[in-house]
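Okay, structure first, notes after.
The values are calculated or read from the model by the stated rules, or taken from the named source; none is laboratory data. Being a predicted model, the structure only gives us computed values, none of them experimental. Cβ sites come from the backbone with ideal geometry, for glycine too, and all protein chains shown count toward neighbours. The accessibility values were calculated without ligands, DNA or RNA, using every heavy atom of the protein model including side chains. Shrake-Rupley method; radii C 1.70, N 1.55, O 1.52, S 1.80 Å.
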Amino acid sequence: MKQKNLRIIFFGLVLCMIVPFLLSAAGEKEAVEKERAPFDIAVFVPGVTAGSPLYEQMANGTKKAVEEYENASVKILEAGFNQAEWQEKMTSLAATMEYELIVTSNPAMPFIIAEVAKDFPDQKFLNLDAYYKGLPALHTVLYNQVEQAYFAGYMAGLVTTSNMKGANADLKVGMIVAQEYPALTKMMKPGYIKGFSAVNDKITLDYRVIGNWYDATKASDLANSMFDEGVDIILTIAGGAGQGVINASKERGKYVLYFDDNVYHLAPGTIVGCSILRQEKLAQEKIKAAIEGKLEYGTAQIVDTRAGYVDWAGDDPLYVENVPEEIRKKMDDIVKKIKSKEIKLEVPEL
Amino acid sequence: MAYLEMKNITKIYPAREIVANLKVDFSVERNEIHAIVGENGAGKTTLMKVLYGLEQPDEGEIFFNGRKAEIKNPMDANRLGIGMVHQHFKLIPEFSIAENVVLGIEPLKNWFFFDGEKSCLKVKEVAENYGFHIDPRKRIIELTVGQMQLVEIVKMLYRQVELLILDEPTSVLTEQQVQKLFDTLRNLKKMGKTIVIITHKLNEVKAISDRVTVMRKGEVVTVRNTSEVDQRELSKLMVGKYLFFDYRKEKLACGRVILEVKNVTLRQFGQERLLLDNVSFKVHSCEIVGVAGVAGNGLGELEDVLGGLRSVTDGKILHNGEDITNLDALELRKRGLAYVPANRLRRGSCLTSSVKENMIISHHHNFLNRGIFDNKKVQTFARGLKEHYSIDGDTSAPLWSLSGGNIQKVILARELASKSDFIIFSEPTWGLDVASSQFIYQKILEIRRQGRAVLLISSNLDEILSLADTIIVMYRGRIVARLPNRDISKELIGEYMLGLRDDFKEERIKESGD
Amino acid sequence: MIRLKKTSEIIINSAGLIITLTVAFLIVVILILLLSSEPVKSIYYFFAGPFINKYYFGNMLNVSIPLIFTGLGIAVAFTSANFNLGGEGQTYAGALITTVVCLWLPQANGYVGGILAIIAAIIGGAFLAGLSGYFKMKWGTSELISSFLISSAVIFIVNYFITGPLDDPSNNLLTTYAISDQYFLMKIFPPSRLDISIVLAVITAILMVFFLFRTHWGYEMRMCGLNREFSRYGGLNVSAYMIFPMLLSGALHGLAGGISILGTYYMCLKDVTAGMGWNGIAVALIAKNNPLAVIPAAVFFAYIDAGAKAAMLHSDVTFEIAAIVQSVIFYLITAQALYTFLKYRKRTA
Ligand SMILES: Nc1ncnc2c1ncn2[C@@H]1O[C@H](COP(=O)(O)OP(=O)(O)OP(=O)(O)O)[C@@H](O)[C@H]1O
Ligand SMILES: [Mg+2]
């Protein structure tokens, strides 16, 4: 027993010995730290960049903007998939006090930022793909995802009523999502419904929730059961799990609509439509504004199709090749009508 | 020039600052049988562990064949041709004899795979070279203690050792097995091997050894030619003075029946042969019933059943007239059962916990104060036992740091502290030195005098003959003799034990005829 | 001279661990030299990061809190030769149960409700682990396997509740509703997340020592763990000690989960307790099952974690590199601890 205790103490001593040694090494480093550029930006990725297009776009846009300025620099920080750790990591990032601006993207982040700002009110934040008002150091930009979803919905309506090979007589369209969150329930789902209802108001929606962003197997099971019930086209908003929907559709000869990114090449002929966001462009512009001191913190902005940040990927060769001309024409019309605000789709209170 | 010389060996166990060996000089001539004797805790095992590379001495040197030897571990020792059979066997029970023997230097097939066939052949060959007949395919659990010992010896011979160390090889053996072992040793000597043997039985020293080294409290007292000393002198050298315990038995009238075993039968699931076959006997107050038998004939099973660790297939066990058949140890202990098991290391004690903790199990409730141990009380109790039984070792030290004999004393002390009217002793003096054995005998007789009942299971016939009032002999799970202990010769009991005589044969035939 | 020997003995005993630590740290340095373009900075933050400000330091201690509880949970089971591999599920269940109780009593007094919620988590964890003990006693199924299987199933069930019935649709994270703020544990080291429960963790460790070495049950439990046959022979209720240690172990895991919610997260996020169970095993191994040693061992784990986080923040170490470096250290140290543990087992067997 005694010996064991001593061992514990010894263990503690080892720790204590390492620490001061390293701290002394730290002193020498201080000089290097001082020469940093005047506008440092941190990109906080709530997840990992690889494989998630919106985050990739955010990172690239930021990098491009930074390249234009001598005095700017960027650091990308990936927080990993465990949501429980995001707040701590964001706080730590703010606590470094090294960055003029922290950029992030995800509708969940404003709430975390609000918590962080309590301790670090001076830290500036830019949050893309989110809507939050009333935090003086935060600027948010929200996409009009009603419009984005409307494109997908309209396309779904056109396909299910068409005589394309995979389409059937049932007036049913599908939607598979990873989880429910306000942007989804208040913008995307209603936009989608409005879209296909505009084609034919008898079309019904088969809507399923996976419960996470990675379970492709479950997603594929859900897709199959929807096809069994007569669905012929599915909009997937499920991150990595979306691959399961694509696989199932390919096997069954059905169709998939994709969100946020242009991914026709993943399954030409199966993916028949992509409602995209131009996050790279947005990021680049916003960062430039920030560096030049023109970003209005404390405000929330909404950007839409007309401004050029929401769009329908209608000129991709794989789209042109696989979608009948008649349908493509109708889609082009709709995009025009939305752009010109002939069809008005307002973003609701989130 | 001596074959082996250990010079000025000092070994201090740092944990408790125990000086186990102090400036010990020890030498062995080529091709002799050299005995080491000494009280429990004298440092015999330690000295041999140093020689075998299991412990590093704090001081001193070892010379082998005149050259200085660095023995850092048993592998080094094996390389020099030194082998050791431990006080407590180190065999893997689930493995076969061959697998145990070749363990560590297995013959390989294709450079990689264990070659089972070849190891069997090789082991058999080695064994037969030395005149042993064993089936290398048998598993260790199927063997008697004597056979296990043989396996340990074969294991060393397989490693081509020239110097064989045996630490208390005889304490677990029956008379016949001891004779056999000695024949083996003499044979090995003839073949040119050198043997060091540790024992507590002075008659064995006389019988087998050429020279004897006497140790006391970590030091060597003397080295003698065996032919020049007698047992009395040896025991005086060991202890430092003449010790004489009076354990002569007085005549006592038997009292009431305390334990009654009625037609107890035990059958192992799926096996034909009964492990206990219709066993019946009674133990009265003021009576010591001795149970003799060769290992494997039901003694162990009888111990298990009475200790509450195994359920009987049939029959009844009564304690003071109350049925206690198939009560488990928990309930028997509540009734005050005290029991010294033959297997002291696995059943009788917990090597990794302290001496104190070993001393209080089964009556630890007495030391509680609202669920919390009263450390003072425990300490006082443990100190008391330590003094009374002259246990050599700190009460808070882990039990494994005690010498073999002292571990046994801890177990005995604990069980003897119980107030029960019935106690089972199984092989109570295995590994004890002469003085301690006699002290224990005295204790057992004291218990008898107090009117309690004792069941003494032992393979040591001297022990049974000098203590028991009634002797029961078991053979193949049956009782073959029930004799009052009056003018019985060892030879007679031996005949019963080997199944050459059976007093109840006719009864049994008659019964099965009915 | 004898004194001297003692110290050297201790050094030898800890030598294995120190060597492993040195090797692990060397590997870390080499990895960073290879993978980072500003290695000096990365290494500095990796090792000294957790100490450069109050915030990191407090967070490090905060991470160690649940690890102390789970480490203790594993250690108590180990001392009685029971293996609880279900820590992940028990902790996660504890977190969910605490959240549910707090949500169910939104208006209750913070102390009363909080204590109720924690007790419920303890009971939940104990029940899950106790099941394995019960199965072992009843049918001799290995608690090692059953606890792992039960835990895996429980994780699914908890996930179902978090993403299904209890999901907060107004929150963009996969999480339940947040508990109300009268339940929040007091922060004791602002601006860090360190809360008052660290005191509870230390007290629990001390209580465990007291329990194991001074009480009747602790004694019986240890004896059953060290030598089952001896305990049976000595009249201990051996089968009870297949269940009881598991109950205790599960209770400590449930407690770890509950405390994480009240002290740090305030809502049951998906995977909120992920890793606490497994790391608890490693912590217990390093601590050689000594309840007091669990505290430094848990802090050490938290230190590695905090170091990786600091390096990610302040240098070009990416999430992947940090993960690799962290696992190198964890595996080496766990392997070393496991090795000594098994060696010890072998000797005592
Ligand atoms: N590993 C150990 N740690 C501490 N003390 C030990 C250790 N091994 C033995 N001892 C102590 O050293 C002394 C000598 O022990 P040793 O085993 O050599 O005695 P022995 O002569 O073989 O006795 P026995 O006849 O009882 O087997 C004893 O007091 C014992 O308690
Ligand atoms: Mg010995």
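For peptide C:182-193, compute the average count of partner chain beta-carbon atoms within 10 Å of each residue's beta-carbon. Spell out each step's value before the answer.
Values: counts 0, 0, 0, 0, 0, 0, 0, 0, 1, 7, 5, 3.
Shielding by partners across C:182-193 averages 1.
Hey, what's the Cα Rg ratio for segment B:4-239 versus the globular rule of thumb, 2.2 N^0.38 Å?
Numbers: Rg = 18.0 Å, N = 236, 2.2 N^0.38 = 17.5 Å.
Dividing the Cα radius of gyration by 2.2 N^0.38 Å gives 1.03.
Filter the chymotrypsin sites (Phe, Trp or Tyr not before Pro) in segment C:245-293 to those in DSSP coil with at most 15 other Cβ atoms within 10 Å of their Cβ, and list the result. Display every interim value, and only then the final one.
Working: sites: C:265, C:266, C:278; in loops: C:266.
Filter output for segment C:245-293: empty list.
List the extent of the Cα atoms of segment B:164-206 along each of their three principal axes, largest first, rounded to whole Å.
Result, largest extent first: 26, 18, 17 Å.
So, for the protein assembly as shown, what is the accessible surface per residue at a probe of 1.4 Å, expressed in square angstrom?
For the protein assembly as shown, the per-residue accessible area is 42 Å².
Only sites in a loop by DSSP and with at most 10 other Cβ atoms within 10 Å count here; which trypsin sites (Lys or Arg not before Pro) in segment B:393-494 make the cut? Walk me through the numbers on the way to the answer.
Values: sites: B:409, B:414, B:419, B:443, B:448, B:449, B:452, B:476, B:478, B:482, B:486, B:490; in loops: B:419, B:452, B:476, B:486.
In loop regions of segment B:393-494 (DSSP not H, G, I, E or B), the sparsely surrounded trypsin sites (Lys or Arg not before Pro) are B:419, B:486.
Compute the acute angle (0 to 90°) between the alpha-carbon long axis of helix B:116-129 and the principal axis of greatest extent of the alpha-carbon atoms of chain B; round to the nearest 10°.
Approximately 80 degrees, to the nearest 10.
Across segment C:105-119, in residue order, what do the Karplus-derived ³J(HN,Hα) couplings come to in whole Hz, using 6.51 cos²θ - 1.76 cosθ + 1.60 with θ = phi - 60° and x for Gly and Pro?
The phi angles translate into 10, x, 9, 5, 4, x, 5, 4, x, x, 5, 4, 4, 5, 4 Hz.
Per residue of segment B:446-460, in order, report the coupling 6.51 cos²θ - 1.76 cosθ + 1.60 (Karplus, θ = phi - 60°) as ³J(HN,Hα) in whole Hz, putting x for Gly and Pro.
So the Karplus estimates, Gly and Pro as x, are 5, 4, 4, 4, 6, x, 8, 9, 10, 10, 10, 9, 7, 9, 8 Hz.
What are the radius of gyration and Dmax of segment B:38-169, computed over its Cα atoms and given in Å?
15.9, 51
Quote the convex hull volume per residue of segment C:51-99, based on C-alpha atoms, as a whole number of Å³. Please list the in-between numbers first.
Numbers: hull volume 4.4 nm³, N = 49.
Given the Cα convex hull of segment C:51-99, per-residue volume reads 90 Å³.
Just the Kirkwood number for segment B:350-419, please: inverse of mean 1/r across all distinct Cα pairs, in Å, one decimal.
Details: mean 1/r = 0.0835 Å⁻¹.
That comes to 12.0 Å for segment B:350-419.
Starting from the Kirkwood radius over alpha-carbon pairs of chain C, derive D by Stokes-Einstein at 37 °C in a medium of 0.692 mPa s and give it in µm² s⁻¹. Spell out each step's value before the answer.
Values: Rh = 21.1 Å.
The calculation lands on 156 µm²/s.
Considering amide H positions built from the backbone, and no H for Pro or chain starts, which residues 5 or more places from residue B:11, or on another chain, come under 5 Å of its amide H?
B:20, B:21, B:22, B:23, B:58
In whole angstrom, how long is each semi-axis of the equivalent ellipsoid of segment C:214-345, when you take the square root of 5 times every eigenvalue of its Cα gyration tensor and sort them from largest down?
Working: eigenvalues 243, 76, 23 Å².
Whole-Å semi-axes of the equivalent ellipsoid: 35, 19, 11.
Between residue B:8 and residue B:210, what FRET efficiency comes out of the Förster formula 1/(1 + (r/R0)^6) with R0 = 30 Å and r the beta carbon distance, rounded to 0.05?
Working: r = 24 Å, r/R0 = 0.80.
Working from the Cβ atoms, E equals 0.80.
For segment C:241-249, take each phi angle, set θ = phi - 60°, evaluate the Karplus expression 6.51 cos²θ - 1.76 cosθ + 1.60, and give the result in whole Hz per residue in order, putting x for glycine and proline.
Those phi angles translate into 7, 8, 8, 3, x, 5, 4, 5, 4 Hz.
Please give the direction-averaged projected area of the C-alpha convex hull for the protein assembly as shown, in square nanometres with one decimal. Before the final figure, lay out the partial values.
Numbers: hull surface 239.0 nm².
About 59.7 nm², averaged over all directions.
Based on the Kirkwood radius over alpha-carbon pairs, what is the Stokes-Einstein translational diffusion coefficient of segment A:216-350 at 4 °C with 1.567 mPa s viscosity, in µm²/s? Walk me through the intermediate numbers first.
Working: Rh = 16.9 Å.
Translational diffusion coefficient: 77 µm²/s.
Can you pull out the chymotrypsin sites (Phe, Trp or Tyr not before Pro) in segment B:110-190 that DSSP calls coil and that have at most 10 other Cβ atoms within 10 Å? Don't skip to the answer; put the middle values down first.
Numbers: sites: B:111, B:112, B:113, B:114, B:130, B:132, B:158, B:182; in loops: B:111, B:112, B:130, B:132.
Answer by residue number: B:111, B:112.
For the protein assembly as shown, what does the helix formula give at 222 nm: sum of -39500 (n - 2.57) over DSSP H segments with n ≥ 4, over the residue count, nearest 500 deg cm²/dmol? Provide the component values of the computation, followed by the final result.
Details: 41 runs with 583 residues, N = 1213.
-15500 deg cm²/dmol, from helical runs alone.
Within chain A, which is the longest segment that contains none of the trypsin sites (Lys or Arg not before Pro) sitting in a DSSP loop with at most 16 other Cβ atoms within 10 Å? Don't skip to the end; give the middle numbers.
Values: sites that count: A:36, A:133, A:165, A:202, A:294, A:306, A:341, A:344.
Free of exposed loop sites, the longest segment is A:37-132.
Could you check what % of the DSSP bridge pairs in the protein assembly as shown are antiparallel, to the nearest 5? All intermediate terms of the calculation are to be shown ahead of the outcome.
On the way: 54 of 132 bridges.
Counting only bridges with both partners in the protein assembly as shown, antiparallel ones make up about 40 percent.
In degrees from 0 to 90, rounded to the nearest 10, what is the angle of the helix A:189-199 Cα long axis to the longest principal axis of chain A?
So the helix axis and the longest Cα principal axis differ by about 20 degrees.
Rounded to the nearest 0.05, what FRET efficiency is calculated for residue C:217 and residue B:318 with R0 set to 30 Å and r the Cβ-Cβ distance?
Details: r = 34 Å, r/R0 = 1.12.
Efficiency, from the Cβ-Cβ distance: 0.35.
Amide H to amide H, which residues 5 or more places from residue B:459 or on other chains are under 5 Å from it, using H placed in the peptide plane?
B:427
Evaluate peptide B:456-463: per residue, the Cβ atoms of other protein chains within 10 Å of its Cβ; return the mean as an integer.
Going residue by residue through B:456-463 and averaging, the value is 0.
Averaged across C:311-317, how many Cβ atoms of other chains sit within 10 Å of each residue's Cβ atom? Mind dumping the intermediate values first?
Details: counts 0, 8, 10, 7, 1, 2, 1.
Across the residues of C:311-317, the mean count of other-chain Cβ atoms within 10 Å is 4.
Please list, ordered by chain and number, the residues whose modelled amide H lies under 5 Å from the amide H of residue B:314; skip anything fewer than 5 residues away on the same chain.
B:265
Per 5 Å bin, what is the whole-percent P(r) computed from every C-alpha pair distance within segment B:1-66?
4, 17, 28, 26, 16, 6, 3, 0
Expressed as an acute angle from 0 to 90° and rounded to the nearest 10, what is the orientation of the C-alpha long axis of helix B:375-388 relative to the principal long axis of chain B?
80 degrees
So for segment A:192-291, what percent of the C-alpha to C-alpha distances run longer than 22 Å? Present the calculation step by step, with values, prior to reporting the outcome.
Working: 1826 of 4950 pairs.
Above the 22 Å cut-off, segment A:192-291 has 37 percent of its Cα pairs.
Using alpha carbon coordinates only, what is the Rg to Rh ratio of chain B, with Rh defined as the Kirkwood radius? Please report the intermediate quantities before stating the final value.
On the way: Rg = 23.9 Å, Rh = 24.5 Å.
Taking Rg over the Kirkwood Rh, I get 0.97.
Give me the dipole magnitude in Debye, nearest 20, for chain C about the Cα centre, with unit charges on the beta carbon: positive for Lys and Arg, negative for Asp and Glu.
Working: 20 positive and 14 negative charges, 283 e Å.
For this selection, approximately 1360 debye.
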